[in-house]
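Chemist: Sending over a structure as structure tokens; questions will come in a sec.
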Amino acid sequence: MALRVSGDEWITLGVLVSMLGVLVVDRFPPAGIVFGATFALLITDVIDADVAFSGFSNSAPLTVAALYVLARGAQKTGMLTAMTSRLLGNGSGIRSMARFLVPTASASAFFPNTPLVAMLIPDVLAWCRRHNLSPSRFLMPLSFAALLGGVVTVLGTSTNLVISGLLDAAPDGKPLSVFEMTPIGLPIAVVGTILLLVLGPRLVPERLTPPESAEAQAREFSMTMQVVPGGPLDGRTVADAGLRDLQGVFLVQIERDESTVSPVAPDRRIDGGDTLTFVGNVDEILDLQRRKGLRSTEQEHVLAVDSPDTRFFEVVIGRSSPLVGTTIRDAGFRGTYQAAVVALHRSGHRVAGKLGAIRLRHGDTLLLLAKPDFRRNWHDKRDFLVVAPVGGESPAATSKAPLVAAITAAVVIASAAGLLPLLESSLVGAAALIASRVLTFSEARDAIDIDVVILIASAFGLGGAMQATGLAQRIADGLTESFGSFGPVGIIFGVVLATALLTELVTNNAAAVVMFPIALASAVAAEVDPRSMAIAVAVSASASFLTPIGYQTNTMVYGPGGYRFLDYARVGAPLTATILVGTTIMTTIVG
């Protein structure tokens, strides 16, 4: 006899599918999408207000906020980044990579991995420039090592804190202790890091000698220039104008009176007012700014900020940035950021059209001209994931770095020893940074990624609806039926696999929220402790190695590393397979 599906169950399923679909399209901030899904369940009476907004009184969002403040203190003082050059050494061989990745993974176990990677990227880029090495050799392994380290303790990633909060909200539940997930996460992190060290040098795109690779794999920035009417290039052919054989730069398109010419022949005439699109590496693109007869299509914005003390910066646009989906012109970029966009890089795609009219996507890298204080003003805002001065050096660690290290250690020790709950110890640590004047109150406030906090808090209502309507149990029954023939191990693997696939399509936190009630419902059939099954979801939700969009740190290194989309799957596929099998085995043993 067929099981009857209730109306509330259908509504919950419809909202869930719609939410996942919108997340995959990636046009709107994930926090707004998840909050909207929870609100839809509230107004359709699937859940009441107490369930819908229960996450806002849960410890998880507040704990994440406090940890972001601790991370900002470490970032400001250079607590970790001062060691980057010493760890990398001369950059050659597996030993040098191990000296870099092992400490990164270790630090990520006790430090949120997203701000950790944000702190290290500018230093790695500067070190690569000094040693004439391609950043692609180091940035993807950096992201992956931080992800692996993040599954060792509850402090490593916001996903762990989401699961901890969901467990705390469950009947007779309690949050995860700092090291509760270590028996499952530590072996996986160790095996994964070893695999990354063995396979990374072979699979990360790097097929030439270091100097050749640095030139051949240079990221292609796109820049649009206009031929100055009456200038020295007006009326000349491409070849005569000296635009045919530029070193490291290519003229790929000419626009004139709504018509486009591509590819561009050497004998093609260029006239005043024509818009020329060039692509090339960052240094050569900047040289075009000085070529007589050409001016940037964003010239009025460049002139408005240009002065003897301005410098160039690279920024990476994040998933939750207000710039996603807008054009540079519509966003009022110069007025908002006091910076001019000179060029744009989009990995794997040659961007066509005038620079100011290009609709921005998350993962885009922009080359900006701005005042020296641009990085200080914007590096910890949600507008940009990474802000790195081009050719600049990172600041040295300040005298207060040891104090930040001591406060961070105290938070971990107090929580691990049971002296204080993690929420209270992290709030005390954040308050200590403000009291000791490491951070001002405004800096602490700005350090909090409010989108992550809202997403986590909103997600509790979604999970509550799945449990209350029986949808979670129904999906769990489907997993049991599909994988049950392989016994409890098969059920655990089914949950882990579904979580890992989902996190590549949406976000790690959204995947954890959707799979948490399903995991609890599957735990009985899998004959494991529900808490162990929940930890398996946390680990597999963080195992995002296949795409640049599944986890924020992967997006951070996408543009600066010059990667193509499929580079992640190439390196990440064997790593993902190993992690999924390892998570299944360790959950079976521990559970």
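Chemist: Keeping to region 219-251, report how many residues are farther than 23 Å from V341 by Cβ, at pLDDT 80 or above and in contact with a helix residue (DSSP H, G or I) (Cβ under 7 Å, 6 or more places away or on another chain).
Modeler: Qualifying residue count for the region: 0.
Chemist: Here are the criteria: (1) touching a Gly at 6+ places or on another chain (Cβ under 9 Å); (2) part of a helix (DSSP H, G or I); (3) at pLDDT 85 or above. Tell me which single one V528 does not satisfy.
Modeler: Every condition holds for V528 apart from (2).
Chemist: Counting only residues that are of a type in the set (S, T, N, Q) and buried (at least 24 other Cβ atoms within 10 Å of the Cβ), which one in region 135-158 is modelled with the lowest pLDDT?
Modeler: Out of the qualifying residues, it is S158.
Chemist: Under 8 Å between Cβ atoms, at least 6 apart or on separate chains: pull out the pairs that start in region 55-75 with a residue that is over 13 Å from I434 (Cα atoms) and at pLDDT below 80 and end on any residue that is of a type in the set (D, E) and in a helix (DSSP H, G or I).
Modeler: Taking only residues 6 or more apart or on different chains, the pairs are N58/D168; S59/D168; A60/D168.
Chemist: Going through region 538-579 one residue at a time, which ones are modelled with pLDDT of 90 or more and out of contact with any Leu (no Cβ under 9 Å at 6 or more places or on another chain)?
Modeler: Listed by number, the residues that qualify are V539, A577.
Chemist: Looking at region 582-591, can you tell me whether even one residue there is modelled with pLDDT of 85 or more and crowded, with 24+ Cβ neighbours inside 10 Å?
Modeler: yes
Chemist: Given the options T503, T499, T507, name the one that is under 25 Å from V191 (Cα atoms) and in contact with a Lys or Arg (Cβ under 8 Å, 6 or more places away or on another chain).
Modeler: T507
Chemist: Does T480 fit the bill of being more than 26 Å from the chain's Cα centre (by Cα) and of a type in the set (V, I, T)?
Modeler: Details: more than 26 Å from the chain's Cα centre (by Cα): yes; of a type in the set (V, I, T): yes.
In short, yes.
Chemist: I would also like to ask the following. Test V154 against the criterion of being hydrophobic (A, V, I, L, M, F, W, C) and within 19 Å of S425 (Cα to Cα), and give yes or no.
Modeler: yes
Chemist: Something else about it: Give me a count of the residues in region 152-168 that are within 16 Å of the chain's Cα centre (by Cα) and not in a helix (DSSP H, G or I).
Modeler: Number of matching residues: 2.
Conditions tested, residue by residue: (1) without any contact (Cβ under 8 Å) to a residue 24 or more places away in the chain; (2) exposed (fewer than 13 other Cβ atoms within 10 Å of the Cβ).
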{"position": "G231", "(1), (2)": "no, no"}
{"position": "G235", "(1), (2)": "no, no"}
{"position": "D240", "(1), (2)": "yes, no"}
{"position": "P263", "(1), (2)": "yes, yes"}
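Chemist: Right, another one. Is at least one residue of region 492-508 in a helix (DSSP H, G or I), modelled with pLDDT under 80, over 26 Å from L116 (Cβ atoms) and of a type in the set (G, A, S)?
Modeler: Scanning region 492-508 turns up no residue that is in a helix (DSSP H, G or I), modelled with pLDDT under 80, over 26 Å from L116 (Cβ atoms) and of a type in the set (G, A, S).
Chemist: Have a look at D451, D477 and point out the one that is surrounded by fewer than 23 Cβ atoms within 10 Å (Cβ to Cβ), closer than 30 Å to R376 by Cα, of a type outside the set (F, W, Y) and modelled with pLDDT under 80. I'd like the intermediate steps shown before the answer.
Modeler: Numbers: D477 fails: closer than 30 Å to R376 by Cα.
Going through D451, D477 in turn, the sole match is D451.
Chemist: Take the residues of region 508-549 that are free of Cβ contacts under 8 Å to residues at least 60 places away in the same chain and among the hydroxyl-bearing types (S, T, Y): which is surrounded by the most Cβ atoms within 10 Å (Cβ to Cβ)?
Modeler: Of everything passing the filter in region 508-549, S540 is surrounded by the most Cβ atoms within 10 Å (Cβ to Cβ).
Chemist: Go through region 169-186 and give me each residue that's assigned to a helix (DSSP H, G or I) and either of a type in the set (F, W, Y) or crowded, with 17+ Cβ neighbours inside 10 Å (or both).
Modeler: A169, T182, I184, G185, L186
Chemist: Only one of M140, M119 is closer than 24 Å to R382 by Cα, hydrophobic (A, V, I, L, M, F, W, C), touching a residue at least 60 places away in the same chain (Cβ under 8 Å) and not in a loop (DSSP other than H, G, I, E, B); which?
Modeler: Result: M140 is the single residue among M140, M119 that is closer than 24 Å to R382 by Cα, hydrophobic (A, V, I, L, M, F, W, C), touching a residue at least 60 places away in the same chain (Cβ under 8 Å) and not in a loop (DSSP other than H, G, I, E, B).
Chemist: For the condition part of a helix (DSSP H, G or I) and surrounded by 24 or more Cβ atoms within 10 Å (Cβ to Cβ), what is the one hit in A459, A409? Talk me through it step by step, then tell me what you get.
Modeler: On the way: A409 fails: surrounded by 24 or more Cβ atoms within 10 Å (Cβ to Cβ).
That would be A459, the only listed residue that is part of a helix (DSSP H, G or I) and surrounded by 24 or more Cβ atoms within 10 Å (Cβ to Cβ).
Chemist: Out of S425, S436, S415, I need the residue that is among the polar types (S, T, N, Q), closer than 29 Å to F179 by Cα, modelled with pLDDT of 85 or more and buried (at least 20 other Cβ atoms within 10 Å of the Cβ). Which one?
Modeler: It is S425.
Chemist: When you look at F441, is it more than 25 Å from K174 (Cα to Cα) and out of contact with any Leu (no Cβ under 9 Å at 6 or more places or on another chain), yes or no? Full working, then the answer.
Modeler: On the way: more than 25 Å from K174 (Cα to Cα): yes; out of contact with any Leu (no Cβ under 9 Å at 6 or more places or on another chain): yes.
Answer is yes for this residue.
The values are calculated or read from the model by the stated rules, or taken from the named source; none is laboratory data. All values derive from a computational prediction rather than experimental measurement. Neighbour counts are summed over all protein chains in view; Cβ atoms, including those assigned to glycine, are modelled from backbone coordinates with ideal geometry.
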